[in-house]
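Report on one structure; see the data block that follows.
The values are calculated or read from the model by the stated rules, or taken from the named source; none is laboratory data. This structure is a prediction, so every number in the text was calculated from the model and none was measured. Cβ placement follows ideal geometry from the backbone for every residue including glycine, while neighbour counts extend to all protein chains displayed.
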Amino acid sequence: MIAFKMSQALEAAGYTVEMAADGEECLGKARQGSPDLIVLDIMMPKMHGIEVLKTLRDEHRTARTGVIVCTAKDFKTEHAEAARLGVFGFLTKPFEPAALVAKVDAWFALRGGYMGVPEFASPILSEAVDSAAFAPVLDTTRLRFTVWGTRGSTPTPGARFLRHGGHTSCMSVVLGNEQFIFDAGSGIRELGLEVLSTERRKLHLFITHTHWDHIQGFPFFAPAYTPGFDITIYGAEGFGKDLKNVFRGQLDREYFPVQMEDMESNLQFRHLAENPMPVGSALISWEFAEHPGATVGYKIEIEDRKIAWVPDNEFLQGYTGPPEALTRDHRLVQPYGRMIDFLADADVVIHEAQYTCDEYPKKIRWGHSSIANACVLMKLAGVRRWIITHHDPLHDDRFLESKLQLTRQILERLEHEIEVVHAYDGLTEYFH
């Protein structure tokens, strides 16, 4: 029961925990799983804790594994031997679960690891367990969204872009067997492979605009070639070409080895008409964005949640002044009132902030916001959860980390409390 309570406390703090019933099992799990940290009881069945510790230190794989000794016996000899063998610290029973979590947190902090992140934190609790292990299963039927591509302009492969990713724009919203997709950049290829493994066969794809980085992945979207899929593609009027012909053009024999006729799914194309528009159990609304060509941002309302997707939008086009000088009734802000209102009731806003303030003066009218101007938009719309997407292809992981910190400082300057993070390929969030 003690080990079970300890496990619960650590899991609640974000750690992944395995439990061992005795010393031999602890040693076996350590050899097999290479945990970062072991919380080791001295008095255990089958094998004494000090013997387990000595064996761990003698074997190459576990010689550097962290160990915290937990015991009800305050024996100086065993404490001295454990200290000689390089344990991090001691916990004497009885102790509160919070003391254990604090000790584990301290070990990971000293190690320079990531506290509370399961893939980095895997302690084993070595004590007899008198209760079945708690093994929760992720409820994948809940509403969730995933960002499949976060880059603007062009994909960015390479080691400097691993953290945030290199795929161009794509995001999906899933509820049960309903699938809503926003943009078809190169990230849609990975999405397509995931869809093939599910029972979802009716797909709705909403295109913000037809620049390459928002449609270039469609020729590699596996469900389009698979019989039994119904795929409806939606877009605004005014692209210059009919929406279907835009997609057909990508598959011209001069550019691609297969044509639209080779796609065995049921493909349909629709222009956006009624706003908002009911689609399945969702309500889709849109607003025109400030970007070259006919470009819109979308908002999906489903299960009383609202998610906005606006990857291309140059808010306050041409403004390079201090952000705190702008209010809702400022003459420069008034033309953007519709977009402000559009974002105001969203639970999550996925919106760009592509350029730094230093970069923006040379990029005016390219259709993308400076981070300062995007911060103003978030404040005026009262947004509380902002995920920044459409990262510039020149901005590698290190640069983006610095850029995010600067964005947070600008929001502090504006005195706007908001949770803001950078999107990365594969980012998935479930709603509760």
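Worth a mention:
- Taking every residue in the stretch 340-367 that is on the phi > 0 side of the Ramachandran plot and pairing it with any residue that is of a type in the set (Asp, Glu) and outside any strand (DSSP E or B), at least 6 positions away or on another chain, the pairs with Cβ-Cβ distances below 6 Å are 367/312; 367/314.
- Any hit, the stretch 323-338, residues being of a type in the set (Gly, Ala, Ser) and buried (at least 20 other Cβ atoms within 10 Å of the Cβ): no
- Candidates are the residues of the stretch 150-164 that are farther than 9 Å from residue 393 by Cβ and in contact with a Leu (Cβ under 9 Å, 6 or more places away or on another chain); the one that is surrounded by the most Cβ atoms within 10 Å (Cβ to Cβ) is 150.
- Residue 80 vs. criteria out of contact with any helix residue (DSSP H, G or I) (no Cβ under 6 Å at 6 or more places or on another chain), loosely packed, with under 14 Cβ neighbours inside 10 Å and under 19 Å from residue 134 (Cβ atoms): no
- Restricting the first member to the stretch 211-231 and to residues that are more than 16 Å from residue 171 (Cα to Cα), and the second to residues that are among the acidic types (Asp, Glu), the beta-carbon pairs closer than 7 Å and six or more apart or on different chains are 225/262; 225/264; 226/264; 227/264.
- Candidate set from the stretch 141-162 (those that are hydroxyl-bearing (Ser, Thr, Tyr) and within 11 Å of the chain's Cα centre (by Cα)); member that is nearest to residue 351 (Cα to Cα): 150
- Subset of the stretch 349-365 (residues that are farther than 18 Å from residue 391 by Cβ and surrounded by 14 or more Cβ atoms within 10 Å (Cβ to Cβ)): 364
- Residue within the stretch 278-287 that is surrounded by 15 or more Cβ atoms within 10 Å (Cβ to Cβ) and in contact with a Gly (Cβ under 9 Å, 6 or more places away or on another chain) present: yes
- Residues that are assigned to a strand (DSSP E or B) and out of contact with any Pro (no Cβ under 9 Å at 6 or more places or on another chain), drawn from the stretch 13-71: 19, 20, 40, 41, 67, 69, 70, 71
- Taken together, 122, 169, 126 contain a single residue that is at pLDDT 95 or above and touching a Gly at 6+ places or on another chain (Cβ under 9 Å), which is 169.
- Scanning the stretch 129-166 for residues that are under 30 Å from residue 8 (Cβ atoms) and at pLDDT 95 or above yields 143, 144, 145, 146.
- Entry remark, the stretch 174-194: residues being surrounded by 22 or more Cβ atoms within 10 Å (Cβ to Cβ) and either closer than 19 Å to residue 141 by Cβ or not acidic (Asp, Glu) (or both) number 12 in total.
- Filter result for residue 146 (part of a strand (DSSP E or B) and on the phi < 0 side of the Ramachandran plot): yes
- For the stretch 289-316, the candidate set comprises residues that are part of a strand (DSSP E or B) and out of contact with any Lys or Arg (no Cβ under 8 Å at 6 or more places or on another chain); within that set, the residue that is farthest from residue 143 (Cα to Cα) is 296.
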